[in-house]
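One structure follows; several queries about it will come next.
The values are calculated or read from the model by the stated rules, or taken from the named source; none is laboratory data. This one's a predicted model, so the numbers in the text were calculated from it and none came from an experiment. Don't worry about glycine lacking a Cβ; one is built from the backbone with ideal geometry, like all the others, and counts go over all protein chains shown. These area figures cover heavy atoms from the full protein model, side chains too; ligands, DNA and RNA do not enter into them. Shrake-Rupley method; radii C 1.70, N 1.55, O 1.52, S 1.80 Å.
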Amino acid sequence: MSYNDLNPDQKKNFEAELRTAGIDRTSVPKQVTIDSEHSHTRDAAKVGMKIHKVTLRDLQHMKELGGVPDSRYSKDKQSDSFVEYPGAFSADRARLLNEASDADTLHAALQPQERDAINHAIRSFVLGNSAKVAKGLVQLANALSFPMDVGIAAVEELVITDKYVITGTGPQKLIAGKITIVKPNGQIVAEGVDLTISAQVIEVREA
């Protein structure tokens with residue numbers, strides 16, 4: 001099965017992902033093969049891939065680009081029991097933090113457990129039902145962590161027969177129509193980054 005064998009809905013979803021990321025369809029390679037140990041950020045051009053830098057405006061933009069749509073929980077009625085939604089800060093504490101003049105001042109004012117709660121809120125917002133995340137935490141996350149750059153690579157069909165290492169200075173995303181991972185050596189490894197993989201089909205097979 002190749003990219004051309006994807007059904008119309010799968011191809012439509014792939015195209016929609018590219019549009020959401022602001023990636024020109026004509027810049028997306030048709031097939032890339034990783035057949036030796038390869039670094040996503042260092043070696044992308046060697047195999048014809050490009051790392052597109054996209055600046056995320058806020059937490060909502062992050063969710064639109066790489067998160068789970070709220071409709072999965074509200075419309076499709078899927079369970080979000082795997083998500084722990086952090087509680088809101090006290091009104092006095094939230095007011096004090098919101099008075100911070102910039103991200104550095106806010107970061108210095110936060111206690112370690114508050115930083116953890118904000119990071120938790122970001123994950124819950126992106127992966128869960130964003131309506132369940134306290135608005136005060138969303139505001140603090142936006143002030144503390146955004147704008148944020150994310151690196152995005154896109155390809156119609158990716159064949160991985162050796163180690164594919166994803167690194168970078170911020171979150172990374174891989175958009176593919178189809179990914180084939182060929183064992184025993186094919187693997188995707190994220191080193192020190194949050195990685196989102198969006199593929200219409202992922203196939204794992206033996207060499």
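Is there a residue in region 84-93 that is open to solvent by less than 100 Å² (accessible area, probe 1.4 Å), touching a residue at least 24 places away in the same chain (Cβ under 8 Å) and part of a helix (DSSP H, G or I)?
No, because not a single residue in region 84-93 is open to solvent by less than 100 Å² (accessible area, probe 1.4 Å), touching a residue at least 24 places away in the same chain (Cβ under 8 Å) and part of a helix (DSSP H, G or I).
Let me ask something additional. I'm trying to understand the selection: among the residues of region 149-190, which are over 12 Å from ILE34 (Cα atoms) and surrounded by fewer than 16 Cβ atoms within 10 Å (Cβ to Cβ)?
Selection gives ASP149, THR169, GLY170, LYS183, PRO184, VAL189.
Would you check which residues across region 98-140 are over 30 Å from LYS75 (Cβ atoms) and surrounded by 15 or more Cβ atoms within 10 Å (Cβ to Cβ) and list them?
Result: ALA100, LEU106, LEU110, GLU114.
While we're here: For region 22-46, how many residues are β-branched (Val, Ile, Thr), open to solvent by 10 Å² or more (accessible area, probe 1.4 Å) and touching a Leu at 6+ places or on another chain (Cβ under 9 Å)?
2
I would also like to ask the following. Taking VAL193 as meeting all but one of (1) open to solvent by 20 Å² or more (accessible area, probe 1.4 Å); (2) touching a Gly at 6+ places or on another chain (Cβ under 7 Å); (3) in contact (Cβ under 8 Å) with a residue 40 or more places away in the chain; (4) not small (Gly, Ala, Ser), write down the number of the exception.
All conditions are met except number (3).
If you don't mind, there's one more thing I want to ask. Taking region 129-153 as the region of interest, how many residues are modelled with pLDDT of 95 or more and farther than 25 Å from ALA103 by Cα?
Result for region 129-153: 1.
May I ask you to say which residue of ALA108, ALA117 is free of Cβ contacts under 8 Å to residues at least 24 places away in the same chain, assigned to a helix (DSSP H, G or I) and not polar (S, T, N, Q)?
ALA108
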